[in-house]
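Let me begin by presenting the structure, written as structure tokens, before commenting on it.
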Amino acid sequence: MTRSPLSHVQVRRSFLDAMVRSGHTVVAPSPIIPGDDPTLLFTNAGMNQFKDTLLGKDKRSYTRAASCQPCMRVGGKHNDLDAVGKDGRHLTWFEMLGNWSFGDYYKELSIELAWKLVVDEYGLDRSKLYASVYKTDDESAELWKKIANLPSSRIVRLGDVEKGDEENFWSMGPTGPCGPCTELYYDQGESFGHDVVGGPTDRFLEFWNLVFMENNRAEDGTLTRLPMRSVDTGMGLERICTLLQGKTNVFHSDCFAPIVQKVAELSGRDPRDREQATSMNVLADHMRALTFVLDEGGRFSNEGRGYVLRRILRRAVRHAKLLGQHEPFLHRLVDTVVDTTSFYPIDADRRAALARTIEQEEQRFHETVDRGLKYFDKVCSELRTKTIPGDAAFFLHDTYGFPVDLTRILAEERSLGVDMAAFEQAMESQRERSRGGFYDEGGWQDAFAGAEHGFAGHAAEVGEVRVLRWRARENGACDAILDRTPFYCEGGGEEADHGTIEGNGARAQVLDVQKTNVGIVHTLRLEQGRMQDLAAGEALMAKVDLVRRRRKEAHHTATHLLHAALRASFGDKLRQAGSLVAADRLRFDITFERGLTSEELRAIETQVNRWILEDFSVARTPDVPYQKALEQGAVAFFGEKYGEKVRVVAVPGVSVELCGGNHVSSTAKIGLFQIRSESALAAGVRRIEAVCHLAAATQARADFDALTRVQRALNANREELEPRVEQLQTKVKELERKIERLVKEGGGGPSAEELLKSAFAHQGAPVVAAVIDVLDPEQATRVVDRLRELEPKGLFFVAARGEEKSTVTVALGKEALASGADAGKLARAIGKQLGAGGGGKKDFASAGVRDSAKLADFGALVRAALAE
């Protein structure tokens, strides 16, 4: 009896159930936006949340784990964005099924678990299964023969680390844990043509990777054995579903089929057409990525993650255009995406908010594309070769959001090429500039042989430390890694502690503390002695700047109260989208579709101040089991990654949040709370800025002083200020109307009639060349229109000199146009002489002015243009 194909919901559940039966603990997935790993834009593997465990820095209560982790692979080493749609296996957002062993089982049980699941439980045809192993991994090869009875012909050896080929050899990065891996492949048949395991086509589909971490790679590339061997496996949910459902393309599986069908329905296009199917697949994939990352708090921007999201949307818009959709279209797919991927539910309000955010971004890009096409046309018109320069392709990509493949398609339509080498060089330069929190591992000098123990705890304000490693920086500062630190490193939106490190005749200010890929890095500026003195291995005294920390504590707890007041007013549909906690201010970003009214802001501010005056105690409880904290109603913050145990900060009856930052012991210590501003940050995202503690008192004093100065300037007391300002505003509006009327009547410069009197003749036609000073840029247009009415045979050149910029308008009367004159060509000639561009229609055109000094002899410029 043939078994019914498993749905993706059943596959996910059956995998986790199988792992539980074999002693694994199911662990909740981590956020797609990592909170404490500066080397990652997005979570790109199930192992990300276990990184410290695999490094031996974090102990768990279990040694076997399993999870289903949403992943994004759109940057760095793992970047599948441009491959999506071109084959049947690559995706941007996908789900990774994984199981881990931390010093427990190793190769034999890993291979046995994998084989039993895919053959005995899932029923895959064993005759079509292949395994790859690292070239020297004889043990894994023999285990596949022993456990799966695989013949040598279906066990392929790949990779050669010594030659730079890391196929079947996994590493976390340039240094750190690494080891050989073995992968399972499924032969999808000869319809894909001749290929080999690990080849470029979809014939042999790799669907499960088993990594055996047994080595540690040093900076010089040498490998040493790790004290604890671990296992890290990952199986793509979409790929295994494709195989189990008898398909050969992930987009034909039930993970995507309903979304692809919806695209076909809305666009009226045929999914059986290969080119149209490619665009439909891209839309299905990209909309999954956008929907779930935006719902988690991501937002469109011009840098970092936001730029990647913007690029994904723009690539999707380009494929929507290929399907004939020239108006916003993607937002109409949100409901289908959420319904299809039901394991991650999104309620109606959040769906509507997502659709609005995507539609607004789509609309902006449609407008940008039109401007980008004009730039593309300009580049093509100025080419002297058959190749579009790489810097022009990069400008289209960076400024107008053109995916480079769109630029190449547009170029091919004109039989042109694109300098891809120069484009890639410009892209790499941009990547170097935007790496941000990633610390280069070079230049470090060892100082003291010891282990790094991390943060000493929130109660630590002073402590004995030693420098483990250090290096000099170009700006005169130094980086140092300590054996332990009392300084809170930047995290959870809170800025780092400052303070001093002193000893052995040297003293340094601590300017910043960051958690990086190489450890907790302290940025120091020497005040006395040399860095070598601090790094001599002697015990040093580290002291936290307590004034700064106390002010941060107040602002951090105030942020929690603000969050609670907002949620009390607007419900759970309002979500945090980012925050900043500094010593002198706080900033809180929220997902909300409109601006808050002054009445709403006043009510929220009043509520926060009430809680402060009630002097609630603030409980800060470490090592609470994560699930227990959630059961207690704790709110997890945007972008944060949480371990098995968490720290809970609670204001009884008001707020319960997971937070590792510094907080006051009672709300009264916050002092006055004052909202300073509320503004739009991005589509669907609002920003609230506020102050408290001493900063609020200082700001209140500054406001009072400013008000006093205004009273003196207007000679009015407090009660008279508002009506006096209203009177002044009315008077200003009256004066502006008078000026506008005068400008329209020509009062801001010579009239058209006066200009005609100064005309000179060119081939029998009257020519006006005039420079006028204008208040309104439209004034020159009105003058030119009047000149054309008065003299149909005329050629008119009017340079409008404004306060910020100058422009030249060129226009022809009806008879001058009929005689063959061309205003566009004349404008280009004028612009060239003025160091700028120019052009337009035959009867009306304009030119820029780069050097206003050249307008001094405008008449000569016009004569030269006419002669040309």
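The values are calculated or read from the model by the stated rules, or taken from the named source; none is laboratory data. Source: prediction; values computed, not measured. Reconstructed Cβ throughout: ideal geometry from the backbone, glycine too, with neighbour counts over all protein chains shown. Surface accessibility is based on the protein's heavy atoms, side chains included, excluding ligands, DNA and RNA. Shrake-Rupley method; radii C 1.70, N 1.55, O 1.52, S 1.80 Å.
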Taking region 785-821 and keeping residues open to solvent by less than 30 Å² (accessible area, probe 1.4 Å), out of contact with any Pro (no Cβ under 8 Å at 6 or more places or on another chain), modelled with pLDDT of 90 or more and of a type outside the set (A, V, I, L, M, F, W, C) leaves 809
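Is it the case that residue 183 is assigned to a loop (DSSP other than H, G, I, E, B), under 35 Å from the mean Cα position of the chain (by Cα), under 30 Å from residue 220 (Cβ atoms) and without any contact (Cβ under 8 Å) to a residue 60 or more places away in the chain? Don't jump to the end; show me each part of the working.
Details: assigned to a loop (DSSP other than H, G, I, E, B): no; under 35 Å from the mean Cα position of the chain (by Cα): yes; under 30 Å from residue 220 (Cβ atoms): yes; without any contact (Cβ under 8 Å) to a residue 60 or more places away in the chain: yes.
Spelling it out, it is not the case that residue 183 is assigned to a loop (DSSP other than H, G, I, E, B), under 35 Å from the mean Cα position of the chain (by Cα), under 30 Å from residue 220 (Cβ atoms) and without any contact (Cβ under 8 Å) to a residue 60 or more places away in the chain.
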Taking region 457-499 and keeping only residues that are assigned to a loop (DSSP other than H, G, I, E, B), aliphatic (A, V, I, L, M) and within 32 Å of the chain's Cα centre (by Cα), one is left with 477, 496
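Kindly establish whether residue 794 is in contact with a strand residue (DSSP E or B) (Cβ under 6 Å, 6 or more places away or on another chain) and more than 29 Å from residue 374 (Cα to Cα).
Numbers: in contact with a strand residue (DSSP E or B) (Cβ under 6 Å, 6 or more places away or on another chain): yes; more than 29 Å from residue 374 (Cα to Cα): yes.
Against the criterion (in contact with a strand residue (DSSP E or B) (Cβ under 6 Å, 6 or more places away or on another chain) and more than 29 Å from residue 374 (Cα to Cα)), residue 794 qualifies.
Give me the residue from region 771-784 that is touching a strand residue (DSSP E or B) at 6+ places or on another chain (Cβ under 7 Å) and open to solvent by 10 Å² or more (accessible area, probe 1.4 Å) and, out of that set, modelled with the lowest pLDDT. Steps first, please.
Going through region 771-784, the residues touching a strand residue (DSSP E or B) at 6+ places or on another chain (Cβ under 7 Å) turn out to be 771-774, 777, 779-781, 783-784.
Among the residues that remain, those that are also open to solvent by 10 Å² or more (accessible area, probe 1.4 Å) are: 771, 773-774, 777, 781, 783.
On the way: 771: 89, 773: 82, 774: 76, 777: 64, 781: 82, 783: 86.
Looking at residues that are touching a strand residue (DSSP E or B) at 6+ places or on another chain (Cβ under 7 Å) and open to solvent by 10 Å² or more (accessible area, probe 1.4 Å), I get 777.
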When every residue in region 585-596 that is open to solvent by 30 Å² or more (accessible area, probe 1.4 Å) and modelled with pLDDT of 95 or more is compared, the one farthest from residue 574 (Cα to Cα) is 585
In region 145-171, anything farther than 27 Å from residue 126 by Cα and open to solvent by less than 50 Å² (accessible area, probe 1.4 Å) is listed as 160, 161, 171
Notebook entry, point to check: For residue 329, are the conditions met, namely being farther than 20 Å from residue 680 by Cβ and aromatic (Phe, Trp, Tyr)?
Noted result: yes
Pairs returned, first residue in region 241-270 that is free of Cβ contacts under 8 Å to residues at least 60 places away in the same chain, second residue that is open to solvent by less than 50 Å² (accessible area, probe 1.4 Å) and among the aliphatic types (A, V, I, L, M), beta-carbon separation under 6 angstrom, 6 or more apart or interchain, are 260/280; 260/284; 269/323
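Take the conditions on the phi > 0 side of the Ramachandran plot, open to solvent by less than 60 Å² (accessible area, probe 1.4 Å) and not acidic (Asp, Glu) and apply them to residue 643. Does it pass?
On the way: on the phi > 0 side of the Ramachandran plot: no; open to solvent by less than 60 Å² (accessible area, probe 1.4 Å): yes; not acidic (Asp, Glu): yes.
Criteria not met by residue 643.
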Cβ pairs under 8 Å, 6+ apart or interchain, first in region 741-759 and closer than 17 Å to residue 793 by Cα and surrounded by 12 or more Cβ atoms within 10 Å (Cβ to Cβ), second at pLDDT below 85 and not hydroxyl-bearing (Ser, Thr, Tyr), ordered by first then second residue, are 752/746
In this structure, is residue 142 acidic (Asp, Glu) and buried (at least 16 other Cβ atoms within 10 Å of the Cβ)? no
Filtering region 375-407 down to residues that are under 24 Å from residue 86 (Cα atoms) and surrounded by fewer than 17 Cβ atoms within 10 Å (Cβ to Cβ) yields 398, 405
Checked against (1) farther than 30 Å from residue 321 by Cβ; (2) surrounded by fewer than 18 Cβ atoms within 10 Å (Cβ to Cβ); (3) at pLDDT 90 or above; (4) within 33 Å of the chain's Cα centre (by Cα), residue 442 satisfies every condition except (3)
